[in-house]
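A quick write-up on the structure given underneath.
Readers should treat all values here as calculations from the given coordinates under stated rules, not as data from a laboratory. Everything numeric in this text was worked out from a predicted model, so none of it was measured. We place every Cβ from the backbone using ideal geometry, glycine too, and count neighbours over all the protein chains shown.
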Amino acid sequence: MFDSLWEESDRLIAQEKYQDAIDLLMPIWSKNLDDVEIITQIATAMIYTDIDKSLYLIDGVLQMAPDYGYAYYIQGVALERLGKTDLASSAFEKGHKIIPSHLPIFRKVCYAKQLVVQESGNLDLFHQAIQSYTNYLEQDPQNYGGYHNRAELYHQFGYYDNAMAA
């Protein structure tokens, strides 16, 4: 039962029918108040309807289950939408440490680091961001966006030869 509801809520979120996903999950949550997966899925939809409530729910999930890496991912997405790139980057990093094989989180780690580097111009952070992209691309070598972003970073810092090779 939960699998089909989960798939249906994923489909609704992908179709940007956020309130429909919330409406589908709320009755289930009322019977499973401590189910961190259900709460996180509701928070995922709420990023687009009520971001403050989404962050509130995710904070509660992380208090109940501090090792639930996907919740850090959702927290990072919400913080990113609010323009809080440093906090988003930190959330993505925490999630990635818990589930390093989750490529969407790893991709967000890389991109968040890229944004921080672009804002700060910090050379040490640049090297960390390049290393993150390199590690990510070893796991997902078909991700052309990752190559593009790494090349963009090289270019920004004047490493033109590396940018061309990236």
D_trans [Stokes-Einstein, Kirkwood Rh over alpha-carbon pairs] for region 106-145, 10 °C, 1.306 mPa s, µm² s⁻¹: 157
task: With 26 Å as the limit, write out which pairs from Lys17/Lys108; Lys31/Lys94; Lys17/Lys94; Lys17/Lys113 have Cα-Cα distances beyond it, or answer none.
output: Lys31/Lys94; Lys17/Lys94; Lys17/Lys113
field: Listed values [x] 85, 36, 30; [y] 95, 47, 27; [z] 57, 28, 25, entry calculated as Cα extents along the principal axes in Å
entry: [z]
query: For region 16-77, what does the alpha-carbon gyration tensor say about shape, rounded, prolate or oblate, given a ≥ b ≥ c as the root eigenvalues, a/c under 1.5 as rounded, and a/b over b/c as prolate?
result: oblate
Ser9, Ser90, Ser4, Ser120 arranged by Cβ crowding within 10 Å, fewest neighbours leading: Ser4, Ser120, Ser90, Ser9
- request: Using the Kyte-Doolittle scale, find the helices of the chain whose mean hydropathy is at least -0.5 and whose Cα atoms extend 24 Å or more along the helix's long axis, counting only whole DSSP H runs.
  value: 103-120, 123-139
- prompt: region 65-113: D in µm²/s via Stokes-Einstein (Kirkwood Rh, Cα pairs, 4 °C, 1.567 mPa s)?
  reply: 130
